[in-house]
Ligand code: PLP
């Protein structure tokens, strides 16, 4: 008899024959087939289950397959699947109202995009039209998207090969005490010196050149580094001094991830523009956007905004956002993320750091945490180089996965970023697996 080929194998073979994957050399790829997902768990083609401490690309804040969001998409599909952006539509209007409601006072308008990169593209375009200037400041340790412009605003290594010098990007060092560029010993020093550096960079580059400063409120992919108290307020002051539009990128940090609706809520700062995507509807249907403060919004009261997208404010995506935000409110999901970070995940990760010499630093809040893995705690030599990986990291990730835990990784870091709905028991289950995986990382340290 002919051998029986599983449906998972057919999916895998078809994928390998036809799907061109992101950020990868295609030939060596071995993608995992996912058959099912629910809450904080996934099941692969062999029926094995995994705790998802990645939230995929840090977007399933409400967890997988939340029934209320799935039902809202189904109802919207039956009612009005799609409509052009020029028309008014109840799902789009209500999504915009709810997004503006979670934003700081005075930020009442929302421009919808399909994701995070185009949100940043449009925010920068608005800033350029508003100021009549071109250049854009952004941090070296940052990620703002993969379009031609946003990959240049991004600091991480993926910019290098895509950098044609055409985006007007100028990079600065944001504060990061553990790997301080400023030889700081305290958060306060790091804050003051990072602000001095930014101010000096702007003065020497020419303040009149800058349209915008684009900054992740809490940098995500590049290391989850909550800024020291006073830093973002200082950035706001510098932007005001030089007439630069302040854009906070909340694509990853927004909508519950940090235990607040938006990460700016932790810092008492109001930017001119906020960009969002991911958690706004947990990626059930692609959606992003720009929340626009009064000053920039009024620029376009009588002047045409030269920008748009065919699917801006797509009804299915907006219905998913409405259901997501309402459900997060009704079920206290943002509060849960805060409590989990404060009472279970934060203390649990710090306990792992005490035990494992490979953990050089633990940073984060809510369900947004990074472990900085090092070969040597004294020198802080990373367990993989900037822009690369290493056998030590590969083996550590494999140990976690073999025992049913998926964690997010960049370079030498593990990011512990589960859905905001995670329970204390699920956190403890994941931490136990992580504990064993870190034994593997420890075996690569000098101690
Ligand atoms: N900005 C930040 C902070 C992000 O983390 C990302 C994606 O990870 C983006 C922008 C780009 O979003 P997208 O991939 O939806 O274009």
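The values are calculated or read from the model by the stated rules, or taken from the named source; none is laboratory data. All of these numbers come straight from a predicted model, not from anything done at the bench. Neighbour counts run over all protein chains shown; Cβ positions are idealised from the backbone, glycine included.
So, residue 197, is that one in contact with a strand residue (DSSP E or B) (Cβ under 8 Å, 6 or more places away or on another chain), more than 16 Å from the ligand (Cβ to nearest atom) and either assigned by TED's automatic domain parsing to the domain that holds residue 379 or over 25 Å from residue 363 (Cβ atoms) (or both) or not?
No.
Could you please give the count of residues in region 261-279 that are outside any helix (DSSP H, G or I) and modelled with pLDDT of 95 or more?
Summing the residues that are outside any helix (DSSP H, G or I) and modelled with pLDDT of 95 or more in region 261-279 gives 12.
Restricting attention to region 145-158, does a residue exist that is out of contact with any strand residue (DSSP E or B) (no Cβ under 8 Å at 6 or more places or on another chain), within 12 Å of residue 120 (Cβ to Cβ) and in a helix (DSSP H, G or I)?
Checked region 145-158: at least one residue is out of contact with any strand residue (DSSP E or B) (no Cβ under 8 Å at 6 or more places or on another chain), within 12 Å of residue 120 (Cβ to Cβ) and in a helix (DSSP H, G or I).
So, of the residues in region 91-116 that are touching a strand residue (DSSP E or B) at 6+ places or on another chain (Cβ under 8 Å) and assigned to a helix (DSSP H, G or I), which turns out to be surrounded by the fewest Cβ atoms within 10 Å (Cβ to Cβ)?
If we take residues in region 91-116 being touching a strand residue (DSSP E or B) at 6+ places or on another chain (Cβ under 8 Å) and assigned to a helix (DSSP H, G or I), then 100 is surrounded by the fewest Cβ atoms within 10 Å (Cβ to Cβ).
Check region 250-260 and report whether any residue there is outside any loop (DSSP other than H, G, I, E, B), away from the ligand (no atom under 11 Å from the Cβ), farther than 21 Å from residue 153 by Cβ and touching a strand residue (DSSP E or B) at 6+ places or on another chain (Cβ under 7 Å). Spell out how you get there, then give the answer.
Within region 250-260, the first condition is being outside any loop (DSSP other than H, G, I, E, B), and the residues that meet it are none.
No - not one qualifying residue is present in region 250-260.
Determine whether residue 153 is away from the ligand (no atom under 12 Å from the Cβ) and closer than 27 Å to residue 22 by Cα.
No; evaluated as a whole, the condition is false for this residue.
Criterion first (closer than 23 Å to residue 189 by Cβ, more than 10 Å from the ligand (Cβ to nearest atom) and surrounded by 24 or more Cβ atoms within 10 Å (Cβ to Cβ)) does residue 213 satisfy it?
yes
Starting from residues that are touching a helix residue (DSSP H, G or I) at 6+ places or on another chain (Cβ under 7 Å) and within 11 Å of the ligand (Cβ to nearest atom), keep the ones in region 111-135 and report whichever is farthest from residue 175 (Cα to Cα).
It comes out as 113.
Output yes when any residue across region 236-245 is buried (at least 24 other Cβ atoms within 10 Å of the Cβ), outside any strand (DSSP E or B) and within 25 Å of the chain's Cα centre (by Cα), and no when none is.
Yes, region 236-245 has at least one match.
Looking at 144, 157, 87, 64, can you tell me which residue is within 18 Å of the chain's Cα centre (by Cα) and surrounded by fewer than 19 Cβ atoms within 10 Å (Cβ to Cβ)?
157
Which ones in region 261-283 are over 19 Å from residue 220 (Cα atoms) and either within 16 Å of the ligand (Cβ to nearest atom) or surrounded by 23 or more Cβ atoms within 10 Å (Cβ to Cβ) (or both)?
272
Scan (1) within 12 Å of the ligand (Cβ to nearest atom); (2) in contact with a strand residue (DSSP E or B) (Cβ under 9 Å, 6 or more places away or on another chain); (3) closer than 22 Å to residue 313 by Cβ for the single condition residue 138 breaks and write down its number.
Condition (3) is where residue 138 drops out.
Going through region 160-198 one residue at a time, which ones are under 23 Å from the mean Cα position of the chain (by Cα), closer than 29 Å to residue 230 by Cβ and not in a loop (DSSP other than H, G, I, E, B)?
169, 170, 171, 172, 177, 178, 179, 191, 194
Among the residues of region 286-296, how many are over 16 Å from residue 257 (Cα atoms) and surrounded by 20 or more Cβ atoms within 10 Å (Cβ to Cβ)?
The number of residues fulfilling the criteria is 7.
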